[in-house]
1. Given (i) 26, 58, 15, 0; (ii) 21, 48, 23, 6, 3, 0; (iii) 18, 46, 27, 8, 0, which label gives P(r) over Cα pairs in 20 Å bins from 0, in percent as computed from the coordinates?
2. Taking the alpha-carbon distance from Lys358 and a cut-off under 15 Å, which aspartates and glutamates remain once sequence neighbours fewer than 8 residues away in the same chain are dropped?
3. For the range 227-307, what percent of Cα pairs sit more than 21 Å apart?
4. Can I get the semi-axes of the range 131-218's equivalent ellipsoid? Compute them from the C-alpha gyration tensor as square roots of 5 times the eigenvalues, in angstrom, largest first.
5. Given +1 on the Cβ of Lys and Arg, -1 on the Cβ of Asp and Glu, and no further charges, what dipole in debye does the range 4-138 carry about its Cα centre, rounded to the nearest 20?
6. Taking the Cβ-Cβ separation of Glu414 and Ala450 as r and a Förster radius of 51 Å, what is the calculated FRET efficiency to the nearest 0.05?
7. If I fit a long axis through the Cα atoms of helix 363-376 and take the longest principal axis of the Cα atoms of the chain, what angle between them do I get, 0 to 90°, rounded to 10?
8. According to a simple spin-label model (label point 7 Å from Cα along Cα-to-Cβ), what is the distance in nm between Val196 and Gln430?
Amino acid sequence: MSEILTSVLAFVVAISVLVAVHEFGHFWVARRLGIKVLRFSIGFGNALWQRTGRDGTEYWISAIPLGGYVKMLDEREGGVAPEDLPRCFNRQSPQRRIAVLFAGPAFNFLFAIVAYWAMFVAGVPAVQPVVGEITPGSPAAEAGLEQGDRIVAVDDVVTATLMDAQLELLGAMVPGGRATLLVEDESGLQREARLVYAGDTQALTEPGAMFPELGLAPWRPRIPAVIGELLPEGTAAASGLQGGDRVVSAAGEPIEDWAGWVTFVRERPGETVALLIERDGQPQRVELFIGAADEEGQQVGRIGAGPQVTPELWDPVRTEQRYGPVAAVGKAMGETWRMSALTVTMMARMVMGQVSVKNISGPINIAQAAGFTAAAGLTAFASFLAIVSISLGIINLLPIPMLDGGQIVYQCIELAKGSPVSERAQLVGQQVGIALLLMLMTFAFYNDIARIAAG
């Protein structure tokens, strides 16, 4: 329940902040161009709080915190006093209207730059792109990759972090199925590895599928077989195991690490085994009953216990991206550009059928990501906000009539032909836009529900 509440709260905060930034862009530019703004609202519905400025603009915090709007003076929405006609939105030149419409997405990109700048100044913890286990016979094995290799560059693009390597690999492998990696082994020697994927590269774009499809895994620390979190309803807690217990042996077999312990448990559903554990430095014997759970039609052992993972285990691959205030500006702008370009590229390839549509996320998945990153700390949440802000800016620039991009298209047509788009054409465009957005939202909800059902 606490995780759900955290996700909901983080989602509301994220949406409120990003929509406020977007609408403030429209508001700020409209005011600078002399357009009269009637209301600036964060949220929809009735006002929970409101204030009227000296210029007559109403500022609202509304009851439904999932959006917001800027209402400008417009003759098409009612009568206007003669002295206010020059300040109507519809009386402005197409260029001015385009500036107001473009300002919302532009402020989303600006927010991402500011968020990344703050992160890089404060220091962004990251993991180096070190290769872990390699699947025999896989594309990674055929390329000659070995456990412990660090990916220095992908197609001549330097990859300082695991995230860098993932993004560059995705861009290189789809749709071509080929990438040239510069890797460095544990002794410091560098060599090239040519990665070739012979299958349908769309499979690489399934959520979480790229590394498994290529047959490589990121480096993971060897976790000791020490009990961490215990579920109250699990058989481990019922058998008397406690957090901090180190499993030395089970049924006479030595347990080397947590992976070996998991394998031992999964292979013995319903059995009772004798454990030798170490508790507070003293050996003890415990009789453990291993519960059973159905996994893809097969019974596997479960005991309701997780490992004790300490930050020090990640020291071999831990790194930090930190820059001075001036250098961080360029880095933040570069990161915003990279994420924007990647988003546009992936959207285009999705339309062409080269990228899986399962990557479309709806509010449920976004809320889960918001809660997870909020729990992970301010830096992680700031990164999440930056990525979502970029996505919000790009989506609003799509040429769909209900969005800023669609309205900009109308202004460009008016600029080209010298007269406004007909009301009939605008009405049809709105209907098409609503239908497209409903289809997109329905598909996003389906993906969210499918992810929950799968896991």
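We did not get these values from a lab; they are worked out from the coordinates using the rules stated. Since the structure is predicted, the reported quantities are computational estimates derived from the model, not experimental observations. Please note: Cβ atoms are built from the backbone with ideal geometry, for glycine as well, and neighbour counts cover all protein chains shown.
1. (iii)
2. Output for Lys358: Glu206, Asp448.
3. 18 percent
4. Here the semi-axes work out to 19, 14, 12 Å.
5. On the way: 12 positive and 9 negative charges, 88 e Å.
Here the range 4-138 has a charge dipole of around 420 debye.
6. After rounding, the FRET efficiency stands at 0.75.
7. In the chain, helix 363-376 runs at an angle near 60 degrees to the longest axis.
8. Spacing of the two 7 Å Cα→Cβ label points: 5.7 nm.
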